[in-house]
1. Quick one: compute a quarter of the convex hull surface over the Cα atoms of segment 24-69 and quote it in nm².
2. For GLY14, what is the net charge nearby, where nearby means another residue's Cβ is under 11 Å from its Cβ and Lys, Arg count +1, Asp, Glu -1?
3. Between MET46 and THR76, how many nm apart are label points set 7 Å from Cα along the C-beta direction?
4. Can you run phi through the Karplus equation (6.51, -1.76, 1.60; θ = phi - 60°) for segment 15-25 and list ³J(HN,Hα) in whole Hz, with x for Gly and Pro?
5. For segment 1-65, report the accessible area per residue in Å² (1.4 Å probe, heavy atoms, rounded to an integer).
6. Express in nm, to one decimal, how much length is gained between TRP28 and ASP65 on full extension, taking 0.36 nm for each residue of separation and deducting their alpha carbon distance.
7. Shape call for the chain from the C-alpha gyration tensor, a ≥ b ≥ c root eigenvalues: rounded (a/c under 1.5), prolate (a/b greater than b/c) or oblate?
8. Leaving ligands and nucleic acids out of the surface, order TRP28, TRP42, TRP59 by accessible area at 1.4 Å, largest first.
Amino acid sequence: IKEEDREFRLYSDGILEEGYLLRIFNRWGELVFESRTPELGWDGKMKNGDFAPGGVYTWVLQYLDFRESRHNQQGTVTLLF
């Protein structure tokens, strides 16, 4: 397994670090991860440092582009062990 396959990040050109917010929620809507920089992705661990159970998680991303336009996106990521 490649190292980059062990961390969930969203890559795109033109995303500013200012205003960046990636959040990961479990199926009950509880926040399990938060990042305010594109360089920090989710490694499958919860806030307490334990690995999250395998399953489907919802991601929500807010960011500014290079024109300082605000964007909101969301989707799901499946965590497998």
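The values are calculated or read from the model by the stated rules, or taken from the named source; none is laboratory data. What you are looking at is a predicted structure, and each value in this text was computed from that prediction instead of being measured. Glycine gets a Cβ as well: all are built from the backbone with ideal geometry, and neighbour counts include every protein chain shown. The accessibility values were calculated without ligands, DNA or RNA, using every heavy atom of the protein model including side chains. Shrake-Rupley method; radii C 1.70, N 1.55, O 1.52, S 1.80 Å.
1. 3.9 nm²
2. Summing Lys/Arg as +1 and Asp/Glu as -1 gives -2.
3. It works out to 2.0 nm between the two label points.
4. Running phi through 6.51 cos²θ - 1.76 cosθ + 1.60 with θ = phi - 60° gives 8, 8, 5, 5, x, 6, 8, 10, 10, 10, 10 Hz.
5. Here the per-residue accessible area is 65 Å².
6. Once the chain is fully extended between TRP28 and ASP65, it gains 10.3 nm.
7. It is prolate, given that a/c is not under 1.5 and a/b is the larger ratio.
8. Solvent-accessible surface, decreasing: TRP28, TRP59, TRP42.
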